[in-house]
Amino acid sequence: MIERVISSVLDENSYIVKIDGTVYVIDPGKGAAEFVKKRYGNEEVFVLLTHSHSDHLIDLPELKIKAIYMHPEERSVFENPELNFVNYFGMEQSQLSKLKEFLTDNPGEHWKVIHTPGHTPGSCCYLLCNRYLFAGDTLFERSIGRTDLPGGDPEKMENTLRLLKSFLENNPELVIFPGHGPSTTAARNLKENPFFNF
Ligand SMILES: [Zn+2]
Ligand SMILES: [Zn+2]
């Protein structure tokens, strides 16, 4: 079961997935913790971060956490308030720093990690059961994530788009759940997203 919580802050999407008895939260933006508490009580959750911009992890300190997966190259952003913008969202870096003990290198079974740098160095997409792609701020319904923020890299984004284009072409039925905005499918995204026009 995949459920979406849309935040009141920057309209970022949090996704809550329960599979084989484990609750996964992809990008705990504002409202995710309250949703998890209502739906699953005090259950410990596994958090998957597509990247560590703070709008996508405002509720991280509120969750009961089993483990947090983040791509290793994202640690520089997670640890640096100038890069993750914690202060813009009423958070403090110490709140994130004390969660470091939960960081793990294993996203758990059912998940594949696709490293998609460009928006940030350790941005990644999570593939669930080869059918659902949680794309964070890398890919949106008709657009892509910006590369002009500190830590962004337009050249890396170009490589990422090449990689994603062939991946989507090979998996046209894939459902894509972006970090902002509505979901789409691989086939539709390839057709409608001008950034795949190359
Ligand atoms: Zn972002
Ligand atoms: Zn975002």
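The values are calculated or read from the model by the stated rules, or taken from the named source; none is laboratory data. Predicted model only: the values in this text are computed from it and were never measured. Cβ atoms come from the backbone with ideal geometry, glycine included; neighbour counts cover every protein chain shown. Remember, those area values only see protein heavy atoms, side chains included, never the ligands or the DNA or RNA. Shrake-Rupley method; radii C 1.70, N 1.55, O 1.52, S 1.80 Å.
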Shape call, the range 10-125: gyration tensor on alpha carbons, a/c limit 1.5: oblate
Once the piece of chain linking residue 167 and residue 198 is laid out straight, how much longer is it, given 0.36 nm per residue of separation minus the C-alpha distance between them? 9.7 nm
Full extension from residue 101 to residue 64: what is 0.36 nm times the residue separation minus their Cα-Cα distance, to one decimal in nm? 12.0 nm
Note on the chain: alpha-carbon gyration tensor, axes a ≥ b ≥ c; rule is a/c under 1.5 for rounded, else prolate if a/b larger than b/c, else oblate; result oblate
HN-Hα J couplings of the range 123-132 from phi, Karplus 6.51/-1.76/1.60, θ = phi - 60°, integer Hz, Gly and Pro as x? 4, 8, 10, 10, 9, 9, 6, 6, 10, 10
Residue-normalised value, i.e. accessible area per residue, for the chain at 1.4 Å probe, in Å², stands at 46
Given Cβ point charges of +1 (Lys, Arg) and -1 (Asp, Glu) and nothing else, what value in debye, to the nearest 20, does the dipole of the chain about its Cα centre take? 460
With all protein chains present, the range 2-196 has a carbon and sulfur share of its accessible area (1.4 Å probe) in percent of 48
Sum of side-chain charges, residue 147 neighbourhood, beta-carbon under 12 Å (Lys, Arg +1; Asp, Glu -1): -3
